[in-house]
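Just below is one structure, and these are the notes that go with it.
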């Protein structure tokens, strides 16, 4: 039996998380379990539950600016514990130098700006999930 694979979307704006989930579902169908969380704390709980259920989390797409714990801090913590998870950081509030500093500090597989381009989102996610399958 093949282990189920999941993509986790983390954004404090529900409409963003739902939009990302819908776009990924339209493209990937039932290939992955798609989970959403509205905070880093919620995401950590979901990660624990998925791991307990023997579901392989292959990708996390996280907003950068969220109340409480920012996306880069959340990803840094998760990736230290789960280094095989791919990561995409998403934000509308960052400049190129800030992205460069983030990529030097944490292992970030991709960065996408809000509002995202659907084709670029799908291409980026496909690249991450293909790399995770290797």
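Candidates are the residues of the range 76-107 that are touching a helix residue (DSSP H, G or I) at 6+ places or on another chain (Cβ under 9 Å) and closer than 18 Å to residue 16 by Cβ; the one that is surrounded by the fewest Cβ atoms within 10 Å (Cβ to Cβ) is 94. Here residue 97 meets the list (1) in a helix (DSSP H, G or I); (2) under 11 Å from the mean Cα position of the chain (by Cα); (3) at pLDDT below 95 almost entirely, failing just condition (2).
Each row is one residue, and each column tells you yes or no for (1) surrounded by 18 or more Cβ atoms within 10 Å (Cβ to Cβ); (2) more than 21 Å from residue 131 (Cβ to Cβ); (3) over 11 Å from the mean Cα position of the chain (by Cα).
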position: 8; (1), (2), (3): yes, no, no
position: 19; (1), (2), (3): no, yes, yes
position: 29; (1), (2), (3): no, no, yes
position: 32; (1), (2), (3): yes, no, yes
position: 68; (1), (2), (3): no, yes, yes
position: 73; (1), (2), (3): no, yes, yes
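Of all the numbered requirements in (1) touching a residue at least 24 places away in the same chain (Cβ under 8 Å); (2) assigned to a loop (DSSP other than H, G, I, E, B); (3) over 20 Å from residue 35 (Cβ atoms), residue 66 misses one, and that requirement is (3). Of all the listed residues (132, 110), the sole one being at pLDDT below 85, touching a strand residue (DSSP E or B) at 6+ places or on another chain (Cβ under 7 Å), surrounded by 17 or more Cβ atoms within 10 Å (Cβ to Cβ) and within 16 Å of residue 8 (Cβ to Cβ) is 132. The selection criterion, being touching a residue at least 12 places away in the same chain (Cβ under 8 Å) and buried (at least 18 other Cβ atoms within 10 Å of the Cβ), does not hold for residue 14. Scanning the range 29-41 for residues that are without any contact (Cβ under 8 Å) to a residue 12 or more places away in the chain and at negative phi gives a single hit, 30. Contact annotation: residue pairs with Cβ atoms under 6 Å, 6 or more positions apart or on different chains, pairing a residue in the range 101-118 that is under 12 Å from residue 62 (Cα atoms) with a partner that is surrounded by fewer than 19 Cβ atoms within 10 Å (Cβ to Cβ), are 111/99; 114/92. Name every residue in the range 107-133 that is more than 14 Å from the chain's Cα centre (by Cα) and closer than 20 Å to residue 80 by Cα, in order of residue number. Answer for the range 107-133, where residues must be more than 14 Å from the chain's Cα centre (by Cα) and closer than 20 Å to residue 80 by Cα: 131, 133. Would you confirm whether any residue within the range 5-25 is in contact with a strand residue (DSSP E or B) (Cβ under 9 Å, 6 or more places away or on another chain) and either under 17 Å from residue 102 (Cα atoms) or at pLDDT below 95 (or both)? Looking through the range 5-25, none of the residues is in contact with a strand residue (DSSP E or B) (Cβ under 9 Å, 6 or more places away or on another chain) and either under 17 Å from residue 102 (Cα atoms) or at pLDDT below 95 (or both).
The values are calculated or read from the model by the stated rules, or taken from the named source; none is laboratory data. Bear in mind that the values here come from a model prediction, so they are computed numbers and not experimental data. Every residue, glycine as well, gets a Cβ built from its backbone with ideal geometry; the counts of neighbours run over all protein chains shown.
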